[in-house]
Amino acid sequence: MRMHTTRFFLIRHAIVTPAARSILYGSMDVALCEMALREEAALYRWLAARLPPGSRWVTSQLARTKATAAAIFAGGYPAEPLEEEPDLAEQHLGEWQGIVHEALVERLRHPPHPFWPHAAEEEPPGGESFSHVVARVGPVLERLAQEHAGGDVVIVAHGGSIRAALAHAMGITPHQALLFSIKNLGLTRLEKTGPDWRVAAVNEEPWTLPG
């Protein structure tokens, strides 16, 4: 029996405003930086040319992912309907959302991750741990792969949900997934053939490609 390959193109949203970057914003609905939108016009054009035409487009419910998709359409990709998937949202930080980064240390119950402000198992009051993010993102990928077998899916999401997607595809722990640095507007490509996942690229950008 022939097995179809579903290709996923995951893009982290563009840079948010300086005011938002000064706090832990998690799943808060913060705006993109207008200056960065203008300065990164060439990158949007590259993404518009790099992404396969006729793809299914999926975003989280947060405005920054939809605004990033709109900027890629403005860069030359023929606009497609955006499907909203709340389970692709960034980690909900509960009572931590809105606090400055310096205020986090005294609230931690576990030693922080070597390359992240908090551990994968750290669960903020009223929020979720990164392990929970991995648990909700994986089923979304599996469902999309089944619904769109042999097709292309563009997902505009968040650093946390893209790390979670890598954890699911690679079968690694949430702690290990936090080792990935996911760049704003970097392109991560995953493929699923039958039951098997393949990581084709992480943080692909025009200046990282050969030639």
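The values are calculated or read from the model by the stated rules, or taken from the named source; none is laboratory data. These numbers come from a predicted model, not from an experiment. In this analysis, Cβ positions are derived from the backbone assuming ideal geometry, glycine residues included, and neighbour counts consider all displayed protein chains.
Structure notes:
- Tally, over segment 54-90, of residues that are of a type in the set (S, T, N, Q) and either at pLDDT below 95 or outside any helix (DSSP H, G or I) (or both): 4
- Looking only at segment 132-158, residues that are crowded, with 19+ Cβ neighbours inside 10 Å and within 26 Å of VAL16 (Cα to Cα) come to 11 in all.
- Only residues that are surrounded by fewer than 16 Cβ atoms within 10 Å (Cβ to Cβ), under 21 Å from HIS118 (Cβ atoms) and among the aliphatic types (A, V, I, L, M) were counted in segment 17-39, giving 0.
- For the residues ALA48, ALA42, the requirement of being modelled with pLDDT under 95 and out of contact with any strand residue (DSSP E or B) (no Cβ under 6 Å at 6 or more places or on another chain) singles out ALA42.
- Among residues of segment 40-69, those that are farther than 20 Å from GLU90 by Cβ, buried (at least 18 other Cβ atoms within 10 Å of the Cβ) and of a type in the set (Gly, Ala, Ser), counted: 1
- Just one of (1) surrounded by fewer than 19 Cβ atoms within 10 Å (Cβ to Cβ); (2) within 20 Å of GLU191 (Cα to Cα); (3) touching a residue at least 60 places away in the same chain (Cβ under 8 Å); (4) of a type outside the set (Val, Ile, Thr) fails for GLY98. It is (2).
- Just one of the numbered conditions (1) touching a Gly at 6+ places or on another chain (Cβ under 8 Å); (2) free of Cβ contacts under 8 Å to residues at least 40 places away in the same chain; (3) part of a loop (DSSP other than H, G, I, E, B) is not true of HIS168: (3).
- Failed item in (1) assigned to a helix (DSSP H, G or I); (2) closer than 19 Å to GLU191 by Cα, with SER131 passing the rest: (2)
- Considering residues of segment 148-165 that are more than 25 Å from ILE15 (Cβ to Cβ) and either in a helix (DSSP H, G or I) or out of contact with any His (no Cβ under 9 Å at 6 or more places or on another chain) (or both) only, the residue modelled with the lowest pLDDT: HIS148
- Residue in segment 77-85 that is within 19 Å of LEU10 (Cβ to Cβ), touching a Pro at 6+ places or on another chain (Cβ under 8 Å) and without any contact (Cβ under 8 Å) to a residue 60 or more places away in the chain present: yes
- Complete set of residues in segment 10-24 that are under 15 Å from the mean Cα position of the chain (by Cα) and either assigned to a loop (DSSP other than H, G, I, E, B) or among the aromatic types (Phe, Trp, Tyr) (or both): HIS13, ALA14, ILE15
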